[in-house]
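Novice: My questions all concern the structure below.
The values are calculated or read from the model by the stated rules, or taken from the named source; none is laboratory data. It should be emphasised that the depicted structure is a prediction, and the values quoted were computed from it without experimental measurement. With ideal geometry, Cβ positions are generated from the backbone for all residues, glycine too; neighbour counts draw on all protein chains shown. The protein model used for the area step is the full one, side chains on, heavy atoms only, and it has no ligands, DNA or RNA in it. Shrake-Rupley method; radii C 1.70, N 1.55, O 1.52, S 1.80 Å.
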4 protein chains.
Amino acid sequence: MMIVMKPTASEADIQAVIDKIENVGSKAHSSRGEEVTVIGAIGHVEDEVHVAELGLEAYPGVDRVVPILKPYKLASKQFNHGKPSVLEIGGRRIGGEDFALIAGPCTVESRDQTLTTADAVAAAGAAMFRGGAYKPRTSPYAFQGLGQEGLRLLAEAKARTGLPIVTELMDTRDIEAVAEVADVVQIGARNMQNYTLLSEVGRSGLPVLIKRGLSSTLEELLMAAEYVLKEGNENVILCERGIRTFETAYRFTLDLTAIPVLKEMTHLPVVVDPSHAAGRRALVTPLSLAAAAAGADGIIVEVHPEPEEAICDGPQQLRADEFAAYAAQVERAAAVAGKVFTAAAAG
Amino acid sequence: MMIVMKPTASEADIQAVIDKIENVGSKAHSSRGEEVTVIGAIGHVEDEVHVAELGLEAYPGVDRVVPILKPYKLASKQFNHGKPSVLEIGGRRIGGEDFALIAGPCTVESRDQTLTTADAVAAAGAAMFRGGAYKPRTSPYAFQGLGQEGLRLLAEAKARTGLPIVTELMDTRDIEAVAEVADVVQIGARNMQNYTLLSEVGRSGLPVLIKRGLSSTLEELLMAAEYVLKEGNENVILCERGIRTFETAYRFTLDLTAIPVLKEMTHLPVVVDPSHAAGRRALVTPLSLAAAAAGADGIIVEVHPEPEEAICDGPQQLRADEFAAYAAQVERAAAVAGKVFTAAAAG
Amino acid sequence: MMIVMKPTASEADIQAVIDKIENVGSKAHSSRGEEVTVIGAIGHVEDEVHVAELGLEAYPGVDRVVPILKPYKLASKQFNHGKPSVLEIGGRRIGGEDFALIAGPCTVESRDQTLTTADAVAAAGAAMFRGGAYKPRTSPYAFQGLGQEGLRLLAEAKARTGLPIVTELMDTRDIEAVAEVADVVQIGARNMQNYTLLSEVGRSGLPVLIKRGLSSTLEELLMAAEYVLKEGNENVILCERGIRTFETAYRFTLDLTAIPVLKEMTHLPVVVDPSHAAGRRALVTPLSLAAAAAGADGIIVEVHPEPEEAICDGPQQLRADEFAAYAAQVERAAAVAGKVFTAAAAG
Amino acid sequence: MMIVMKPTASEADIQAVIDKIENVGSKAHSSRGEEVTVIGAIGHVEDEVHVAELGLEAYPGVDRVVPILKPYKLASKQFNHGKPSVLEIGGRRIGGEDFALIAGPCTVESRDQTLTTADAVAAAGAAMFRGGAYKPRTSPYAFQGLGQEGLRLLAEAKARTGLPIVTELMDTRDIEAVAEVADVVQIGARNMQNYTLLSEVGRSGLPVLIKRGLSSTLEELLMAAEYVLKEGNENVILCERGIRTFETAYRFTLDLTAIPVLKEMTHLPVVVDPSHAAGRRALVTPLSLAAAAAGADGIIVEVHPEPEEAICDGPQQLRADEFAAYAAQVERAAAVAGKVFTAAAAG
């Protein structure tokens, strides 16, 4: 922590800050410039937390407090000695050179829709199957998902295709039911800072895919991951799915800069969800190619046999019969970034 | 719903959209301009929901789909015949001409801190007492609140001062414990779209204060309220607490335009939390005066006997011994907007 | 400047940074924490500029570079010894305890419209008269202002009412014509970073009102002011007029937190434009009251005799015949913040 | 234009809106739903402009006014019959299947730096050479560019390599000097809404590259292009260079969704500037690959022989000796989107 004093700070102000820092057992060191004094307290992360909680920004003569150390530890690149983590989920790898294409319908609607889609994405080389049984909906009047029945259909798709299942958990009370089917538990963007839920999935030990909140910083995304990792669960995948900006010409702004930046910050795999960001099918392919070329470790994308008949988010779902062509193009883009489809490797 | 067709849309494209709309039982009417055709389907809200779920934006020849009706009903100004709702909570009113000053510490830390603050805010004319027992913290390594022990201290403060209690609920599993003490259940900004939690507090029947998410639109805030109202619980208070923007010179951007705009959209009372938005004590007074002058129905503000010793958010908490002067100034600002302190009325 | 090294930085990396800093004549001092090393170079602002231009963020082992000193000098609060500047313009004061209400039509349309409005705002206690002769319009097909003829009408309004004139300059080539009439030259939000224009109005010596760009930080606003101040022109007024955020329920988000924060950063007066932020008349009064209560030094607001007939921005202009009531209410709100209308003082 | 009335609008309110519309010569048609009435006025763009200027949003009973037609004409996809424009500049094509790599230093610093870089980028297959002679700088104390001397060095680079020159114009008074050297005049992000400048470069007839403002919508970018096109100048290139969002982990958020969305809206070529968005060299390659894979028509990127010694923006400039490898990788990514390097075609 660096405490930057105001030019008008008195000696007593400076000393008071130093005393406060030393009272909590940290070492303080002041650097006096010609205009301002800067007080440094740079020890361990623990010291940083203690000093942060002092609330020094409100002290007389203090201009601002600048954190020096990262607030996350287990998620940091350094924690894994600078190397990316490679997770193995149901025989598929994600991270490092392995690229995972995760595909399936927005929501599980029926047996036929689910199995048709699962067959199509399996045939095209997808690594995992996604589908929502519990759906967070902005409106209380909208379809809220099939729930338990949806989970049952996902289990059937998994038995049939061998694809691991990715599905969303919204309520701590559903965790056992979800854990019976899910190979990866998805935490949605709206729940990214639902710390109760994060701690619970952490304790479950199941692989977790955390979607970045609409206006969450990358640091906050890593702090959400830290809630899971802290429970001893190392299997965390991060997912960029679009952030909220001023632009209204499309739904959300897909933040592809997040890919290389996260790869500097953390060892965890990073996937991209182009479907929810774009909101329209015509944008999904270019955004998928961009994400793969930028070095994403995977893509999670929505596919439906008949998007026009979908119960929700039809306009953004790819057509199942066009999925193989899409997957082939994504594979080429991933290759530009030096990645190979894990499905091929696992096949 | 208005469906704007592209200039290049064919007759068949137009007819296909009309057919789709009529298939779900709505009426479609097309207006042909010289450049484009617009198809209208403007019946009830229910029709609007059905047409929205068709996903027409992905149909051939469709340029965009424009909602006409509001997606919220129970929260709308119209639902209350254009009049503001006035809630009565423990003998205090909020809404209409009644202004409620809600004050107390960020987090309940100890018996002494809690009771000292409660006495100070009661003496200065506060309408309710706030304090956190369960705290959502960005870092898993930070203090997470006293939990049950915190609730017990809040109950003691209530018994002593007669002030109704406002406290946060984070987990559906804690609802019974919180309901024993709380007069108003607070849903934090990070949980504004935790639909499970909203439905549960709706069913509890307790008054609910919903904080706007950091990047939630006013429409989304009203949809969150709708989740509570839909369970038959009419006692909802909305809270603006700062939104996330590009500015880095302070913590969040307090959106005071939200006050008059929400008052056009909804009958529900609107309060402002200047403490979390500002993050620094020096900003709390000017922002409080601004909120009151803009017509807010109340302010929820943090106060501490010794902010320098606070466990969390010390820098943003007002000093208990300066609170009376603050309250008097807020009362003058509220008067400019034609409001009176409810505490005086209830006294 | 503080240079935070990565945990993996080598001794050679650290030494290279120190050498670089010392090569440009600054002093470097390293603080070694248990996890990272921080190198400080905290001398004068000039040193900070030199070190900034080294681009150290791209050096091996460097995590990030944190500026310590403010990049503005003449605009800083410290430059005026911690006191606010009070400008005197045509006998009216702005800044300190003096509040200036600046009012007039969006654009000068006709002799009658201009003089009727000028009479109304003068009678109601406005301190200055505003009106646009040159208008920046998003569309090349929209009305672009009366130009020279508009300036002539403003001169007539000034002769008649004695009110100083505030009008916008868009092109360096018009500066002489504008300077003949204007008591304050307005730089619009879209031109806030038009450095050529800023330097020219700096050299003109005329008082300048700079509107904050739609997505400009407060620091950038002060850097724009610095361009004017650096030419020896001390008469700069800053204007908050709404920033662009994700919210779509209204036009722009009026950033009232900017008022107290700017007052900590700078000695320059700060006014607020509620008309452009809101875009609708019904929002102008509550936002004006909020701005005044938050401590603004003035308000610049649009008024028209018949807003329904206005050539541009009719919906956001106050009615001239309701202006006196509006002004009286603003005066009460300003009083809450300890301010008095300058017009009264100058009367 | 569609005018959505409030549920509480009276018959007289509805009739007043219809009368207003018909007074300006447009046709109005009302659709009465069960909850609200919508009045449509959908003729030509000209009608839309007239109706927009009525300011109907402020009329009694009006809820909101929804534009139906696009406010731009010459820039629209439809204007070019749905086909992309291919510009030819100094023998290089941009647009359609032709991808142009535009490279060079941030700022022209010296003869040696300029010519070394020009040689390197020419050898690696760049289509054009970029370099700044006039530099917009946030700080008045920073280096402002070599000006005329810079233009002379660019002319020398062009004579030597044959590469067309892209350079920025900031002031209408410099247009003749710039026009002598520039094959493409760049309008910087800060000047995107400097309408005087846009009209002047429109009249010059020179190809113009317009950078999107930091917080400009895509529609506003197209309106800026419309200012140039309206002067009869058809040679406009649009450039995405990062938008301002809440994220602070990197400099700007590169909006790659803008690429496919602009390609739906307009026939004009779209290039991407990854250097200014990223601000750091390590991010430039992944963002360039992403932009090319997303279907950009070109990339404009900064290159320097010795970035550590650069006068400005060193950290974001690619190294000249690594540029050939970079270009080869971008070429592969462009191929994924079906594009070929124009330099090869022109060679």
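Novice: Looking only at segment B:267-318, filter to residues that are in contact with a Pro (Cβ under 6 Å, 6 or more places away or on another chain) and of a type in the set (D, E, K, R); which one of those is surrounded by the most Cβ atoms within 10 Å (Cβ to Cβ)?
Specialist: If we take residues in segment B:267-318 being in contact with a Pro (Cβ under 6 Å, 6 or more places away or on another chain) and of a type in the set (D, E, K, R), then B:Asp297 is surrounded by the most Cβ atoms within 10 Å (Cβ to Cβ).
Novice: Same structure, new question: So, B:Val271, is that one farther than 21 Å from B:Ala337 by Cβ, touching a Gly at 6+ places or on another chain (Cβ under 8 Å) and more than 9 Å from every other protein chain (Cβ to nearest Cβ) or not?
Specialist: Details: farther than 21 Å from B:Ala337 by Cβ: no; touching a Gly at 6+ places or on another chain (Cβ under 8 Å): yes; more than 9 Å from every other protein chain (Cβ to nearest Cβ): yes.
No, not satisfied.
Novice: Another question, if that's okay. Filter segment D:26-46 down to residues that are of a type in the set (A, V, I, L, M, F, W, C) and either more than 8 Å from every other protein chain (Cβ to nearest Cβ) or out of contact with any helix residue (DSSP H, G or I) (no Cβ under 9 Å at 6 or more places or on another chain) (or both) and give me whichever is surrounded by the most Cβ atoms within 10 Å (Cβ to Cβ).
Specialist: Across segment D:26-46, the extreme among qualifying residues is D:Ala41.
Novice: Continuing with this model, one more query. Tell me which residues, restricted to segment B:94-127, are part of a loop (DSSP other than H, G, I, E, B) and within 30 Å of A:Glu226 (Cα to Cα).
Specialist: Residues satisfying the conditions are B:Pro105, B:Cys106, B:Val108, B:Glu109, B:Ser110.
Novice: Can you tell me how many residues in segment A:156-182 are within 18 Å of A:Leu198 (Cβ to Cβ) and touching a residue at least 12 places away in the same chain (Cβ under 8 Å)? Steps first, please.
Specialist: To start, the set of residues in segment A:156-182 that are within 18 Å of A:Leu198 (Cβ to Cβ) comprises A:166-176, A:178-179, A:182.
After this cut, where a residue has to be touching a residue at least 12 places away in the same chain (Cβ under 8 Å) as well, the list is A:166-172, A:174-175, A:178-179, A:182.
Within segment A:156-182, residues that are within 18 Å of A:Leu198 (Cβ to Cβ) and touching a residue at least 12 places away in the same chain (Cβ under 8 Å) number 12.
Novice: Hey, any hits in segment A:107-121 for a residue that's within 13 Å of chain B (Cβ to nearest Cβ), within 24 Å of the chain's Cα centre (by Cα) and farther than 30 Å from C:Pro67 by Cα?
Specialist: Yes: segment A:107-121 contains one or more residues that are within 13 Å of chain B (Cβ to nearest Cβ), within 24 Å of the chain's Cα centre (by Cα) and farther than 30 Å from C:Pro67 by Cα.
Novice: Let me ask something else. Can you tell me which residues in segment C:55-87 are within 26 Å of A:Val261 (Cβ to Cβ) and open to solvent by 20 Å² or more (accessible area, probe 1.4 Å)?
Specialist: Those that are within 26 Å of A:Val261 (Cβ to Cβ) and open to solvent by 20 Å² or more (accessible area, probe 1.4 Å): C:Glu57, C:Ala58, C:Tyr59, C:Pro60, C:Asp63, C:Arg64, C:Val65, C:Pro67, C:Pro71.
Novice: Which pairs have Cβ atoms under 6 Å, sit 6 or more apart or on different chains, and link a residue in segment A:183-211 that is among the basic types (Lys, Arg) to one that is part of a helix (DSSP H, G or I) and open to solvent by 10 Å² or more (accessible area, probe 1.4 Å)?
Specialist: A:Lys211/A:Ala189
Novice: Quick check on A:Gly90: is it open to solvent by 10 Å² or more (accessible area, probe 1.4 Å) and of a type in the set (Gly, Ala, Ser)?
Specialist: Spelling it out, A:Gly90 is indeed open to solvent by 10 Å² or more (accessible area, probe 1.4 Å) and of a type in the set (Gly, Ala, Ser).
Novice: With the structure loaded, tell me whether A:Lys6 is at the interface with another protein chain (Cβ under 10 Å from one of its Cβ atoms), out of contact with any strand residue (DSSP E or B) (no Cβ under 8 Å at 6 or more places or on another chain) and modelled with pLDDT of 85 or more or whether it fails that test.
Specialist: No: the conditions fail for A:Lys6.
Novice: Within 25 Å of D:Leu197 (Cα to Cα) and surrounded by fewer than 19 Cβ atoms within 10 Å (Cβ to Cβ): is that true of C:Thr107 in this structure?
Specialist: Considered against the rule, which asks whether it is within 25 Å of D:Leu197 (Cα to Cα) and surrounded by fewer than 19 Cβ atoms within 10 Å (Cβ to Cβ), C:Thr107 comes out as no.
Novice: When you look at B:Glu156, is it within 14 Å of chain A (Cβ to nearest Cβ), open to solvent by 10 Å² or more (accessible area, probe 1.4 Å) and touching a helix residue (DSSP H, G or I) at 6+ places or on another chain (Cβ under 8 Å), yes or no?
Specialist: So B:Glu156 fails the test.
Novice: Would you say A:Ala52 is surrounded by 21 or more Cβ atoms within 10 Å (Cβ to Cβ), farther than 21 Å from C:Pro71 by Cα and at pLDDT below 90?
Specialist: Judged against the criteria, A:Ala52 is not a match.
Novice: Same structure again: Under 7 Å between Cβ atoms, at least 6 apart or on separate chains: pull out the pairs that start in segment C:68-90 with a residue that is more than 13 Å from chain A (Cβ to nearest Cβ) and end on any residue that is part of a loop (DSSP other than H, G, I, E, B) and open to solvent by 70 Å² or more (accessible area, probe 1.4 Å).
Specialist: C:Leu74/C:Lys230
Novice: Give me the pairs, please: first residue somewhere in segment A:327-340 and assigned to a helix (DSSP H, G or I), second residue anywhere and basic (Lys, Arg), beta-carbon distance under 6 Å, and either six or more positions apart or on two chains.
Specialist: These pairs meet every condition: A:Val336/D:Arg332.
Novice: Given (1) modelled with pLDDT of 95 or more; (2) crowded, with 20+ Cβ neighbours inside 10 Å, identify the lone condition not met by B:Glu219.
Specialist: Looking at each condition in turn, B:Glu219 falls short on (2).
Novice: Can you confirm whether B:Leu115 is buried (at least 17 other Cβ atoms within 10 Å of the Cβ) and either out of contact with any Ser or Thr (no Cβ under 7 Å at 6 or more places or on another chain) or not basic (Lys, Arg) (or both)? Quick ask: steps written out before the conclusion?
Specialist: On the way: buried (at least 17 other Cβ atoms within 10 Å of the Cβ): no; either out of contact with any Ser or Thr (no Cβ under 7 Å at 6 or more places or on another chain) or not basic (Lys, Arg) (or both): yes.
For B:Leu115, the condition - buried (at least 17 other Cβ atoms within 10 Å of the Cβ) and either out of contact with any Ser or Thr (no Cβ under 7 Å at 6 or more places or on another chain) or not basic (Lys, Arg) (or both) - is not met.
Novice: Could I ask something else about it? Tell me whether segment A:160-171 contains one or more residues that are facing chain B (nearest Cβ under 8 Å) and either open to solvent by 10 Å² or more (accessible area, probe 1.4 Å) or under 25 Å from B:Ser216 (Cβ atoms) (or both).
Specialist: There is at least one residue in segment A:160-171 that is facing chain B (nearest Cβ under 8 Å) and either open to solvent by 10 Å² or more (accessible area, probe 1.4 Å) or under 25 Å from B:Ser216 (Cβ atoms) (or both).
Novice: Taking C:Thr196, is it away from chain D (no Cβ under 13 Å) and either among the hydroxyl-bearing types (Ser, Thr, Tyr) or not in a helix (DSSP H, G or I) (or both)? Lay out the reasoning, then the answer.
Specialist: Values: away from chain D (no Cβ under 13 Å): no; either among the hydroxyl-bearing types (Ser, Thr, Tyr) or not in a helix (DSSP H, G or I) (or both): yes.
Criteria not met by C:Thr196.
Novice: Only residues that are outside any loop (DSSP other than H, G, I, E, B) and either polar (S, T, N, Q) or surrounded by fewer than 22 Cβ atoms within 10 Å (Cβ to Cβ) (or both): list them for segment C:128-149, please.
Specialist: Answer for segment C:128-149, where residues must be outside any loop (DSSP other than H, G, I, E, B) and either polar (S, T, N, Q) or surrounded by fewer than 22 Cβ atoms within 10 Å (Cβ to Cβ) (or both): C:Gln148, C:Glu149.
Novice: Output the residue which, of all residues in segment A:134-153 that are under 16 Å from A:Ile311 (Cβ atoms), away from every other protein chain (no Cβ under 14 Å) and in contact with a strand residue (DSSP E or B) (Cβ under 8 Å, 6 or more places away or on another chain), is modelled with the lowest pLDDT.
Specialist: Looking at the filtered set, the residue picked out is A:Leu146.
Novice: Name, by its number, the condition in (1) open to solvent by less than 40 Å² (accessible area, probe 1.4 Å); (2) free of Cβ contacts under 8 Å to residues at least 12 places away in the same chain that does not hold for D:Asn23.
Specialist: (1)
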